[in-house]
Amino acid sequence: MTFIKKAASIAVATALVAGTAMSASAQQTKLRIQTHYAPETVSGRLAAQYIEDIQLMSGGEIEVEMFYSSSVVKSVETFDAAATGILDCDMTGGAYQTGKNSAFQFVGDIMGGYETPYQQLSWLYYGGGLEAAAPLYNKYGMELIGWWVYGQESFASSKPIAKVADFEGWKFRSPPGMETKIFEKLGASPIVMDFTEIFTALETGIIDGADASGLANNVGLGLYDIVGYANFPGFHSMPSDHLACNKEVFDAMPEAHQRIMKVAMEALALRTALTFEKANAEAAAMLREQGVVLSQWEAEELQKFRDAAQSTWPEFADTPEAKALVESHMAYLTQLGFVSQ
């Protein structure tokens with residue numbers, strides 16, 4: 001056998017051995033993840049893209065069984081289902097867990113905080129947010145992988161809401177918790193009711209307005225077919241959806257798989273913010289053409305709301321984890337100039 005043939009044979013043999021070794025050492029990660037979003041919604045499609053990304057980037061080593069529309073357990077039970085092993089990961093949001101620990105308010109819906117998803121995400125990734133949130137999640141056997149934030153929500157109203165004074169006597173649908181306290185301080189009359197009751201309550205005049213969702217989603221719900229006023233851009237509420245996984249499961253994953261999941265969440269965060277920014281802008285243009293009045297709040301009025309919201313935060317900072325998160329947010333918001341001196 002010539003030298004060249006010998007060398008070629010050795011190279012082929014070495015490649016085969018290396019390939020076999022790599023196949024033997026490859027680790028599989030199998031995850032069961034639940035989201036509250038339906039697969040046909042914008043957020044559901046974005047979640048599906050995330051799953052496709054991590055499976056493809058891992059070369060198929062990460063396999064995901066995805067459950068949409070809270071098909072395994074109720075949305076509020078997803079976190080505990082992941083922590084106890086019924087599922088592996090929770091792709092809903094921290095706001096569902098405020099009854100467990102008030103600190104989840106400050107990773108679920110930081111009312112009166114940031115103006116844009118990009119600012120809120122910058123706190124998480126570069127302002128100490130992940131470090132502040134980690135003890136909270138770890139306390140319940142979970143690991144926070146990342147956020148995806150669709151942006152500020154807008155009101156639907158039967159009368160103008162262009163300044164704080166317009167909240168005086170304003171009856172509106174509100175979710176429970178901190179929001180009711182904030183708006184009571186501003187003279188409004190928040191009424192806690194189920195999401196499904198909003199349309200009828202507006203139609204019959206039981207309420208003057210509603211805190212439902214972002215502008216584009218409100219259009220989809222048909223709210224502006226009933227009332228003619230909104231605010232845009234929104235300012236009062238910007239919920240954070242999360243991906244949180246069972247900590248034992250996540251810690252047992254190969255480091256490469258962990259990195260893929262975290263970096264892909266950063267991509268999902270950007271994709272979500274950009275998608276909804278476009279959708280809301282298109283909705284705003286359409287509503288203006290239809291004669292719906294959209295109010296953009298002045299900086300002074302926005303600060304009045306932030307002051308009321310931020311003065312309410314300490315009332316909900318009643319656990320060590322909540323206090324740590326409030327301190328972290330306040331420090332970062334101060335740097336951004338969103339805290340009155």
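Checking Asn218 against (1) without any contact (Cβ under 8 Å) to a residue 24 or more places away in the chain; (2) buried (at least 20 other Cβ atoms within 10 Å of the Cβ): exactly one of these is not met. Which one?
Only one criterion is unmet by Asn218, namely (1).
Only one of Glu131, Glu143 is farther than 28 Å from Ala216 by Cβ, outside any loop (DSSP other than H, G, I, E, B), of a type in the set (D, E, K, R) and out of contact with any Phe, Trp or Tyr (no Cβ under 7 Å at 6 or more places or on another chain); which?
Of the residues listed, the single one that is farther than 28 Å from Ala216 by Cβ, outside any loop (DSSP other than H, G, I, E, B), of a type in the set (D, E, K, R) and out of contact with any Phe, Trp or Tyr (no Cβ under 7 Å at 6 or more places or on another chain) is Glu131.
Quick check on segment 38-58. Is at least one of its residues at pLDDT 95 or above, assigned to a loop (DSSP other than H, G, I, E, B) and either in contact with a strand residue (DSSP E or B) (Cβ under 8 Å, 6 or more places away or on another chain) or of a type in the set (Val, Ile, Thr) (or both)?
Scanning segment 38-58, I find at least one residue that is at pLDDT 95 or above, assigned to a loop (DSSP other than H, G, I, E, B) and either in contact with a strand residue (DSSP E or B) (Cβ under 8 Å, 6 or more places away or on another chain) or of a type in the set (Val, Ile, Thr) (or both), so the answer is yes.
Output the residue which, of all residues in segment 221-232 that are at pLDDT 95 or above and in a helix (DSSP H, G or I), is surrounded by the fewest Cβ atoms within 10 Å (Cβ to Cβ). I'd like the intermediate steps shown before the answer.
Step one: filter segment 221-232 for residues at pLDDT 95 or above, giving 224-232.
Add one more test, that the residue is in a helix (DSSP H, G or I), and what stays is 224-225.
Working: Tyr224: 22, Asp225: 14.
Here the answer is Asp225.
Checking the condition surrounded by fewer than 20 Cβ atoms within 10 Å (Cβ to Cβ), within 17 Å of Phe250 (Cα to Cα) and of a type in the set (D, E, K, R), which residue from Glu77, Glu40, Glu65 passes? Please lay out each step first, then the result.
Numbers: Glu77 fails: within 17 Å of Phe250 (Cα to Cα); Glu40 fails: within 17 Å of Phe250 (Cα to Cα).
Residue meeting the stated conditions: Glu65.
When you look at Tyr96, is it in contact (Cβ under 8 Å) with a residue 40 or more places away in the chain and among the aromatic types (Phe, Trp, Tyr), yes or no?
Numbers: in contact (Cβ under 8 Å) with a residue 40 or more places away in the chain: no; among the aromatic types (Phe, Trp, Tyr): yes.
No: the conditions fail for Tyr96.
Identify all residues within segment 305-323 that are of a type outside the set (S, T, N, Q) and under 14 Å from Lys185 (Cα atoms); write none if there are none.
Within segment 305-323, Phe305, Arg306, Asp307, Ala308, Ala309, Trp313, Glu315 qualify.
Pairs only if they're at least six apart or on different chains, beta carbon under 6 angstrom, first in segment 179-203 and within 18 Å of Ile161 (Cα to Cα), second loosely packed, with under 14 Cβ neighbours inside 10 Å; list them, first residue then second.
Listed pairs, sorted by first residue: Gly187/Glu168.
Right, Ala188: buried (at least 18 other Cβ atoms within 10 Å of the Cβ) and within 21 Å of the chain's Cα centre (by Cα) or not?
Spelling it out, it is not the case that Ala188 is buried (at least 18 other Cβ atoms within 10 Å of the Cβ) and within 21 Å of the chain's Cα centre (by Cα).
Considering each residue of segment 237-286, count those that are in a helix (DSSP H, G or I), in contact (Cβ under 8 Å) with a residue 60 or more places away in the chain and among the small types (Gly, Ala, Ser), and give that number.
Within segment 237-286, residues that are in a helix (DSSP H, G or I), in contact (Cβ under 8 Å) with a residue 60 or more places away in the chain and among the small types (Gly, Ala, Ser) number 8.
Determine whether Lys181 is modelled with pLDDT under 95, at negative phi, surrounded by 16 or more Cβ atoms within 10 Å (Cβ to Cβ) and over 17 Å from the mean Cα position of the chain (by Cα).
Against the criterion (modelled with pLDDT under 95, at negative phi, surrounded by 16 or more Cβ atoms within 10 Å (Cβ to Cβ) and over 17 Å from the mean Cα position of the chain (by Cα)), Lys181 qualifies.
Just to check your reading of the model, which residue among Thr196, Thr200 is of a type in the set (Ser, Thr, Tyr), at pLDDT below 95 and over 28 Å from Glu277 (Cβ atoms)?
Just one listed residue meets the conditions, Thr200.
When segment 284-326 is examined, which residues are found to be among the charged types (D, E, K, R), under 20 Å from Lys181 (Cα atoms) and within 22 Å of the chain's Cα centre (by Cα)?
Matches in segment 284-326: Arg306, Lys323.
Residues being at pLDDT 95 or above and assigned to a loop (DSSP other than H, G, I, E, B): count how many of those fall in segment 74-91.
Result for segment 74-91: 6.
The values are calculated or read from the model by the stated rules, or taken from the named source; none is laboratory data. Owing to the predicted nature of the structure, the values given are computational and were not obtained by experimental measurement. Don't worry about glycine lacking a Cβ; one is built from the backbone with ideal geometry, like all the others, and counts go over all protein chains shown.
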